[in-house]
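Here's the structure we're looking at; comments come further down.
The values are calculated or read from the model by the stated rules, or taken from the named source; none is laboratory data. Computed from a prediction, not measured in an experiment: that's the story for all the values here. When we count neighbours, we look across all protein chains shown, and the Cβ atoms used for this are built from the backbone with ideal geometry, even at glycine. With ligands, DNA and RNA removed, areas are computed over all heavy atoms of the protein, side chains included. Shrake-Rupley method; radii C 1.70, N 1.55, O 1.52, S 1.80 Å.
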Amino acid sequence: MISHLLPQKNNPHILLINPWIHDFAAYDFWAKPMGLLILGAVLREHGCIISYIDCLDRFHPEDSQKNLYARNGRGPYLKTIIPKPRGLEDIPRNYSRYGIKPEWLKKDLTAVPKPDLILVTSLMTYWYPGVQESISIIKQILPDVPVVLGGIYAALCYEHAVKNSGADHVFSGSGVKEILNIVSAYTGFLPDCKFDPDNMNTWPLPALDLQNKTAYVPIMTSKGCPFNCSYCASNYLDPGWMVRSPENIVKEIFFWHEKYGVKDYIFYDDALLINPEKRIVPVMEQIIDSGINLRFHTPNAVHIREINKKIAVLMFKSGFKTIRLGLETTVFEKRNSLDRKVTETEFKMAAEYLLDAGFEKKQAGAYLLAGLPGQTYEAVEESVKIVKQNNITPVPAYYTPIPHTSMWKKAVECSRYNIEADPVFTNNAIFPCWNNGFSWETITKLKNLIQSE
C-alpha cells in the first residue's frame, strides 16, 4: 500500500485514462475498461470530480471516420503503423498503435482541468508498450501529477510493470476495495464508504456516461469464476465468485436502455450460465415479459453443459444474438488437462438445442484453442471439422501464455521466446508456444479451413 498521506483535501479531481493498444491486430469486439469505469463511478459517488480520456475512443471528436463500420456497437480502431518491439522484427505482419492520435491525447490532457491524481488501467499483458507510451505522454503534459497503474497487466506482471510502465505506483490488488485508500494516500480525501465492496448489488453503475458515445453496454452479472481452467487466470485476478441478483441486473439493463437508448448488451461474465434458475433465467424471463427488443452477446463464452432446451429457447426469445461456447478442444478424452467443463455428448446436445431454438450457424460459435503447448495442427484441424459437423461455427482462440496459471510452467518450457523476461512475447498473434510443425503457412491453412463451408 502507498505509505504517504497528504492533508485532507475536499473533492479531488481524478483523471481516468484507458491507454493505447500496441499489437499486430486489434478490433473493438465490445471492449471497455470496466474495472476503471467502475472505480470512476465509485469515486464519483463519494464526492470526487471525475474526468475520462479513452485512447481507444472510436468516437473521438477529432476522428472524421468515427461513425463508420459500426455493427452492434463494434468497429475498427484508428491505427498507425509503428516499429515492432525488439525481438519481433521477423514477424511478417505490421505492428500498430491502435487508438487516437498522440496529438489528440496531448490536446485532451491540456484541455482537462489539472487533476490531483491520474488512474491508468491495463489489459492484455503484451499490450504494455501501449501503456508505456500513454504514461510517457501523460508525464510530458502533467509531469507533477502522480500516476497510478492498475488492471490486468499490473496484476499479472507486477514486477515488470513497476520497472517498465513509468507509473509512480503500480497497484495489483482489488481496486474496488482499495480505491478510496489509494485516493486518500495521494490527496488526503477519505470519505465514509457508501457501498459494500463484497456485494456487487451495492456497487454504482459503471461510469459509461463519461464516454463520447455509449454504443453498447458491458454487463457483469458476476465477478470471478467457480472453475479453475489451466489456461485462465480468472481465479488469480478475482479469487472467489461474487454474483448479482437478477433484479439488480435487469434494473441496470433497463436504465441504459431508457436513458441512453442502448440496444446491445455484452455479458462479460466467466460463468454466465452457472446456477441458471437463480441467476440468468429470471433475467431472461423479465426481458421477455417487458417486450423490449434488445440484443445480447456473450464474447466471454458460456458453459456448454448448462445449455438445455429451456435455456436455449429463453436465450433466443430474450434477444441473444451472439453465442460463444467454451469448447476449447474436441479431444474430449484428454481435455482434463485443460478443464472439466464439457463432454462430447454435452456439446452435441447443446448445439442441437441452440439450433432447434432458432439460432443460425453464424450466431452460434464454439471457441477452439489453438497454439497450446505441445498441440499439433492435426488436433486443431480435427476440432474444426467436428464443430462444423454439428452446424456450429468454429471460432479460433489463439493461446496466450498467462503468468500465475497452471499451464504457465509448460508454456515457458515450450515457447521459442523468453516469455518470462518480457510479456510482449506472450502475444497470441505470434503463437509463442506452438512449435509442432509451426509455420505462417500453417496458420494461413488453418484460417482457410475455418472460413471454408
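A few comments on the model shown:
- Distance in nm between pseudo-label sites at Lys79 and Ser406 (7 Å out along the Cβ direction from Cα): 3.6
- Using R0 = 22 Å, the C-beta based FRET efficiency linking Lys107 and Arg44 works out to 0.35.
- For Lys278, the aspartates and glutamates whose Cα falls under 20 Å of its own Cα, not counting residues fewer than eight places away in the same chain, are Asp198, Glu247, Glu252, Asp269, Asp270, Asp289, Glu306.
- Mean accessible surface per residue for the chain, computed with a 1.4 Å probe while every protein chain stays in place, in Å²: 44
- At R0 = 30 Å, FRET efficiency that the Cβ-Cβ distance of Phe59 and Lys362 yields, to 0.05: 0.65
- A simple spin-label model places the labels of Lys447 and Glu89 2.4 nm from each other, with each point 7 Å out along Cα-to-Cβ.
- Nearby lysines by direct alpha-carbon distance to Lys101 (threshold 27 angstrom, same-chain neighbours under 8 apart not counted): Lys32, Lys66, Lys79, Lys84, Lys114, Lys139, Lys163, Lys213
- Of all lysines in the structure, the ones whose alpha carbon falls short of 23 Å from that of Lys388, not counting any fewer than 8 places away in one chain, are Lys309, Lys321, Lys334, Lys341, Lys348, Lys361, Lys362, Lys445, Lys447.
- Cα-derived Rg over Rh, computed across segment 364-434 with Rh taken as Kirkwood radius: 1.04
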